[in-house]
Amino acid sequence: MNNSNINSNKMMTKSTTINSVKFSTTTQAIVGQQDKSTKVQKMTTRGSHSSLNTVSNTKYVSNVQKAHIYRVTTELMQCVIDLIPEMPKPFKYSFGDKMQNISIELVENSVYAYKVTGNSLKISSLEKLQTNLEIIELLIRTAYERQWIKGIGKWAYIFKLIESAKLQSEAWKNSLDKQAE
């Protein structure tokens with residue numbers, strides 16, 4: 001883990017690299033007090049995977065960050081990234097890369113579904129999201145059966161995330177379908 005601190009005009013930026021993923025945290029201090037509008041990010045560790053928690057005043061947070069499906073797919077992506085180093089070397093770069101790419105597409109599709117206008121574009125993005133969820137579920141199950149995922153707790157947590165994302169995307173897609181009628 002690499003850490004670097006930069007101080008400039010009461011702004012502090014801290015960069016942290018974990019498993020080739022760079023997280024940046026920016027905080028602002030006003031003479032012993034923290035400005036209420038400042039976004040504060042902190043890394044927390046649960047089990048064997050890390051998650052990024054964002055704490056800020058809600059009017060400064062974008063709709064995408066408020067979206068629960070975005071948070072679920074981001075957590076799923078982080079879990080998948082943490083699984084890759086545990087895989088045997090012959091499968092790390094083929095099977096692991098495929099899992100990583102699909103998990104990144106999950107986050108992209110959830111963000112895209114929020115950002116596009118027009119129900120048909122949202123529906124197509126949600127359909128891609130659902131397809132990728134099915135694929136990642138099969139890949140995770142295969143990894144567990146081959147014992148590349150150590151512990152049933154980690155596997156159960158990942159499947160809980162997948163099921164949550166499936167339910168949310170299906171409900172969202174159904175509501176868009178009803179609006180189109």
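Quick notes on this one:
- Spin-label pair GLU108/LEU138, simplified geometry with 7 Å Cα→Cβ offset, distance in nm: 2.0
- Charge sum, other residues only, whose C-beta stays under 15 Å from VAL116's C-beta, Lys/Arg counted +1 and Asp/Glu -1: +2
- Placing dummy labels 7 Å off each Cα toward the beta-carbon, the span from GLN179 to ASN101 is 3.2 nm.
- For GLN100, the shell of other residues with beta-carbons less than 14 Å away shows a net charge of -3, using +1 for Lys and Arg and -1 for Asp and Glu.
- Simple spin-label estimate for LEU167 and HIS68 in nanometres, 7 Å along Cα-Cβ: 0.8
- Neighbours of LYS150, meaning other residues whose beta-carbon lies under 14 angstrom from its beta-carbon, give a summed charge of -1 when Lys and Arg score +1 and Asp and Glu score -1.
- Filter on LYS98/LYS173; LYS92/LYS166; LYS122/LYS154; LYS98/LYS160 - keep pairs with C-alpha separation over 23 Å: LYS98/LYS173; LYS92/LYS166; LYS122/LYS154
Readers should treat all values here as calculations from the given coordinates under stated rules, not as data from a laboratory. Just so it is clear, the structure is predicted and the values come from calculations on it, not from any experiment. Please note: Cβ atoms are built from the backbone with ideal geometry, for glycine as well, and neighbour counts cover all protein chains shown.
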